[in-house]
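Enquirer: Here it is, the structure, as structure tokens.
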Amino acid sequence: MADLSTTYMGIKLANPIVVGACSLSKNVDAIKKLEDAGAGALVIKSLFEEQIQIERRAFDDDLDQFGNTFAEAVSLFPAVEHGGPKEHLHWLEKSRKAVKMPLIASLNAVEHDTWVEWAKQLASAGADGLELNFYSPPLDTAITAGDIEESELEVLSSVAQAVKIPVSVKLHPQYTSLLNVASRFADAGARALVLFNRLFEPDIDVETESQKIAPGLSRPGDTLLSVRWAALLTGRVETDIIGSGGIGSGRDAAKMILAGARAVQVVSMFYRHGMDGLGGIVGELGAWMDERGHADIESFRGKLAQERLSDPWHYTRGQYIKGILGFD
């Protein structure tokens, strides 16, 4: 029987199927079921600095709403402050005690000092690893792509130096030169790069002439973007590559590993088919490996990465070459 074990930024996993950050990790019973179903690891739902900022403002407004109602009372409530990330940290500690599988914290902050301080707190709360989510749409015409990248690299470097647990970066696909920035992230301390962060896009309902949010679940065909870049990054960047987006079967996972990924993250499948589908993915991957005589993950990982192919165009300008030469 095939050995599905692998590593994720140096962390040993029983198999390469990782539960990505989602609302399932808000429930300890759900986390236990995911472990029982065969998850190799789980990424805890992200800690967002913006969410804490919103909650803190609402908290302060509630405390102040009856202030100065009469001269003798400047405030009706004692001087208390919002707890910041304490609730999230408590939840991580509780989850760590409940399961044995690796738990990876996810962080999306705004201020440089917050990235570093909260990263240290997440590490202290029991996280085995840390995933940084960088995404900040440039809204100032004076800000360049280089400015954004330098800021993110500075944060990554500071966090990697501040914590003892391994740090990964969940990339978005909109960098101007993805190979360059991926290489620089690796040099700055990223032990893994996750391809890619699924961005919720704003939409417009033309019937009601109002705003709406586009559906956020990935589809099977969404694997192709991650497959392409996993194949291009493998061998060029000295860090683990993790596939994400559209992983719904063991064959999807196999495709990503063939391109060079060391593990994959799964989320949307759970919302479509429930947690029971996880065992099916693990089982199908193992069966696929047995059918082809792959004893372990490393026996086929990166087999179809660009560096190993004779066709130099397949992952780059293949669509143009096909049009020019008329390949079927």
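The values are calculated or read from the model by the stated rules, or taken from the named source; none is laboratory data. Predicted model, so just to flag it, every value in this text is computed and none were measured. Glycine also receives a Cβ, built like all others from the backbone with ideal geometry; neighbour counts cover every protein chain displayed. We work out accessible area using only protein heavy atoms, side chains counted, and drop any ligands, DNA or RNA first. Shrake-Rupley method; radii C 1.70, N 1.55, O 1.52, S 1.80 Å.
Enquirer: Can you give the longest stretch of the chain with no exposed loop site, where a site means GluC sites (Glu not before Pro) in a DSSP loop (not H, G, I, E or B) with at most 14 other C-beta atoms within 10 Å?
Expert: Between the exposed loop sites, the longest stretch runs 112-206.
Enquirer: Are any of the pairs K12/K100; K26/K86; K32/K97; K26/K212 more than 18 Å apart by Cα-Cα distance, and if so, which?
Expert: K26/K212, as the Cα separations exceed 18 Å there.
Enquirer: Which Cα, out of V227, A214, P202, lies furthest along the positive dipole direction of segment 202-246 (beta carbon charges, K/R +1, D/E -1)?
Expert: So the residue we want is V227.
Enquirer: Helix 223-233 versus the longest principal axis of the chain: what angle, 0 to 90°, nearest 10, using Cα atoms?
Expert: 80 degrees
Enquirer: Go ahead and collect, in residue order, the members of segment 125-168 whose backbone nitrogen is under 18 Å from a label point 7 Å along the Cα-Cβ direction of S177.
Expert: 144-154
Enquirer: At most 10 other C-beta atoms within 10 Å and a DSSP loop state: those are the exposed trypsin sites (Lys or Arg not before Pro) I care about. Give me the longest piece of the chain that has none.
Expert: With a cap of 10 other Cβ atoms within 10 Å, the longest stretch comes to 165-328.
Enquirer: Could you calculate the FRET efficiency of Y271 with K164 from 1/(1 + (r/R0)^6), where r is the beta carbon distance between them and R0 is 30 Å, rounded to 0.05?
Expert: 0.30
Enquirer: For segment 174-279, with all protein chains present and a 1.4 Å probe, just round the carbon and sulfur fraction of the accessible area to a whole percent.
Expert: Solvent-exposed carbon and sulfur of segment 174-279 make up 50 percent of the total.
Enquirer: Pulled fully out, how much extra length does the chain show between A214 and K303, if you take 0.36 nm times their separation in residues and subtract their Cα-Cα distance?
Expert: Residue separation times 0.36 nm, minus the Cα-Cα distance, leaves 28.5 nm.
Enquirer: Order L304, L199, most accessible first, counting only protein heavy atoms with a 1.4 angstrom probe.
Expert: L304, L199
Enquirer: Determine, from the Cβ-Cβ distance of I204 and A295 and an R0 of 56 Å, the FRET efficiency 1/(1 + (r/R0)^6), rounded to the nearest 0.05.
Expert: 0.60
Enquirer: Once a ≥ b ≥ c are taken as the square roots of the eigenvalues of the Cα gyration tensor of the chain, is the result rounded (a/c under 1.5), prolate (a/b larger than b/c) or oblate (a/b not larger than b/c)?
Expert: Since a/c reaches 1.5 and a/b is larger than b/c, the shape of the chain is classed as prolate.
Enquirer: Would you mind working out the accessible area per residue for the chain, using a 1.4 Å probe, and quoting it in Å²?
Expert: Ligands and nucleic acids excluded, the figure is 53 Å² per residue.
Enquirer: Another question about this same structure. Using only alpha carbon pairs under 8 Å that are at least six residues apart, calculate the relative contact order of the chain and give it in whole percent.
Expert: 18 percent
Enquirer: Suppose every Lys and Arg Cβ carries +1 and every Asp and Glu Cβ carries -1, with no other charges. What dipole size does the chain come out with about its Cα centre, to the nearest 20 debye?
Expert: Here the chain has a charge dipole of around 1480 debye.
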